[in-house]
């Protein structure tokens, strides 16, 4: 069984920080210290642990919006990858959600990025065809081309509204 604990209540803050900083390139994550300043009603950072022995497994950060949940970061500890644990953790989390679920993934450009897309597709997520760029977390001009994947397909109007909310609330634009 898997337990999700808010970072502030977790016994594993160093694990969470190390995994967050090693699993995501700098341009795809905010500075870890800035996470505490985010809207606590909407933003959540969880540490996934084994319920049997409280060993940390991974991290998951997400935002609650009225119409959808945005999964911002998800990572499993490197020694535990490719064993089905990531899928178990992810499905455990999304099984608790009743609304649309959104996430960003890198464009498929290498084996790792293709694997990530296949991973989410294996759990029922689809790629949306609308172009999308992740704004900078560092308040510069850097943008990262991404694909929005979602549990349910998005029409252009839904996509535009989701992008607007992400840009405004997550990226501060």
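Here are the numbers for the structure shown:
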quantity: Members of region 50-92 found to be within 25 Å of residue 160 (Cα to Cα), in a loop (DSSP other than H, G, I, E, B) and in contact with a helix residue (DSSP H, G or I) (Cβ under 8 Å, 6 or more places away or on another chain), listed by number; calculated: 65, 67
quantity: Top-ranked residue in region 44-56 [being touching a residue at least 40 places away in the same chain (Cβ under 8 Å) and within 15 Å of the chain's Cα centre (by Cα); ranked as farthest from residue 138 (Cα to Cα)]; calculated: 48
quantity: Total residues in region 32-42, condition in contact (Cβ under 8 Å) with a residue 60 or more places away in the chain and surrounded by 14 or more Cβ atoms within 10 Å (Cβ to Cβ); calculated: 1
quantity: Every pair of residues 6+ apart whose Cβ atoms lie under 7 Å, when the first sits in region 138-167 and is farther than 28 Å from residue 91 by Cβ while the second is assigned to a strand (DSSP E or B); calculated: 143/133; 143/134
quantity: Residue in region 99-115 that is within 20 Å of residue 6 (Cβ to Cβ), modelled with pLDDT of 95 or more and not in a strand (DSSP E or B) present; calculated: no
quantity: Only listed residue being closer than 28 Å to residue 168 by Cα, surrounded by fewer than 18 Cβ atoms within 10 Å (Cβ to Cβ) and touching a residue at least 40 places away in the same chain (Cβ under 8 Å), chosen from 78, 27; calculated: 27
quantity: Residue in region 119-128 that is without any contact (Cβ under 8 Å) to a residue 24 or more places away in the chain and under 14 Å from the mean Cα position of the chain (by Cα) present; calculated: no
quantity: Per-region count, region 13-36, residues touching a helix residue (DSSP H, G or I) at 6+ places or on another chain (Cβ under 9 Å), within 15 Å of residue 78 (Cβ to Cβ) and in a loop (DSSP other than H, G, I, E, B); calculated: 0
quantity: The lone exception for residue 139 - which of (1) at pLDDT below 95; (2) closer than 21 Å to residue 171 by Cβ; (3) more than 16 Å from the chain's Cα centre (by Cα); (4) surrounded by 13 or more Cβ atoms within 10 Å (Cβ to Cβ) it fails; calculated: (4)
quantity: Answer from 15, 65 - the residue that is under 16 Å from the mean Cα position of the chain (by Cα), closer than 30 Å to residue 140 by Cα and in contact (Cβ under 8 Å) with a residue 40 or more places away in the chain; calculated: 65
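The values are calculated or read from the model by the stated rules, or taken from the named source; none is laboratory data. Quick caveat, the model's predicted, so the values are computed rather than measured. A quick note on method: Cβ atoms are made from the backbone with ideal geometry, for glycine too, and the neighbour counts reach across all protein chains shown.
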